[in-house]
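Beneath this line is the structure, given in structure tokens, with notes to follow.
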Amino acid sequence: MPKGLNRYLFIFIFLIPMRILANPYPISIVNGLLVSKATIEGKEVLIIFDTGAPGLVLNSRFYKPDNKTKIECEGINGSFQCSMHEVRNWNWMGIAHKKTNALLSDLTFLENELNSDVYALIGLSAVDNYYVSIDFDQRSISLTDKMKVDKQSMIRFQYADHLPVISCKVNGKKKYLGIDTGSEINYLFTPHKVDADHVSTNGSFVSVVGTENRTDMKFRLTMELALNNSDVYSSPFIIDLQDKGSNLNDSLDGLLGQPFLSHFNITIHPSKQIIILTPRNQTENFSAILTAQL
């Protein structure tokens, strides 16, 4: 699920960490989405951990806006409007937060994927000062404030607004791709830089629903992806030959979502801006990464 990427600089999340949980926190992986539980204003609810989310994003079905102010946001299929809601208190993974200004958005498309109520998305700013480890094999997330890290395995990233971005090569060409655990697809924003005839001839049509809850037809094409080492991976990308990227962040060429990320156990430190992608013990086909309901 790609997100609007360039309109959230004015959203500030005030975090008050109370304690650290070193023990693994159980999650479910449903259709590639990282689903867990949080307590928001005294109610235990289902949420999705999404590195592409700008802080805390609430489902507008369950929360009312604080005022009539509308915020214009961008998704892969066009623009959409959001509003704001101040959350008095919430808790996720043992970390308590107070007076958080959260974005309100329609998360219906995610609820349809999970066949369940989804109350919120939680982004990296909620765990900014910790090493966050996502273990797909053990279906867990764990936090720690200290970790011995092999510098050879680290990948440095930069931020495009709230989204962590790494440099890599796609079919031999340098690209800057955002790490988005909430995206069920890999996506290229710059189709004018690819061979349109090759894409249309070798790709297949696919229907894609974006953050703005609109569906559009795009192309799916398997491409070669290389990180900052010698390893090269084949992974499917979604490409829109009609999209010139005019509404998207200029420092991004696309997104890396679950079709690629699910082949690794991931450790990321938001404030240190490092990420470690460790090949899983038993790599699964993306279509098979489905678990039972929470």
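Key figures
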item	result
Hits in region 151-171 - residues which are touching a Lys or Arg at 6+ places or on another chain (Cβ under 7 Å) and among the β-branched types (Val, Ile, Thr)	none
Only listed residue being buried (at least 18 other Cβ atoms within 10 Å of the Cβ), under 29 Å from Leu103 (Cβ atoms), out of contact with any helix residue (DSSP H, G or I) (no Cβ under 7 Å at 6 or more places or on another chain) and modelled with pLDDT of 85 or more, chosen from Ile155, Ile238	Ile155
Pick from region 241-259, criterion of a type in the set (Asp, Glu) and either surrounded by fewer than 18 Cβ atoms within 10 Å (Cβ to Cβ) or closer than 13 Å to Val170 by Cα (or both), ranking: modelled with the lowest pLDDT	Asp250
Wholly enclosed strands (runs of 3 or more DSSP E) of region 86-192 bearing at least 3 residues aromatic (Phe, Trp, Tyr)	none
Number of positions in region 114-154 that are over 20 Å from Ile95 (Cβ atoms) and hydroxyl-bearing (Ser, Thr, Tyr)	2
Residues within region 260-294 that are at pLDDT 90 or above, surrounded by 15 or more Cβ atoms within 10 Å (Cβ to Cβ) and not in a loop (DSSP other than H, G, I, E, B), tallied	12
Number of positions in region 13-71 that are of a type in the set (S, T, N, Q) and either at pLDDT 90 or above or surrounded by 21 or more Cβ atoms within 10 Å (Cβ to Cβ) (or both)	6
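The values are calculated or read from the model by the stated rules, or taken from the named source; none is laboratory data. Everything quoted here is computed from the prediction, not taken from an experiment. Note that each Cβ is placed from the backbone with ideal geometry, even for glycine, and that neighbours are counted across all protein chains shown.
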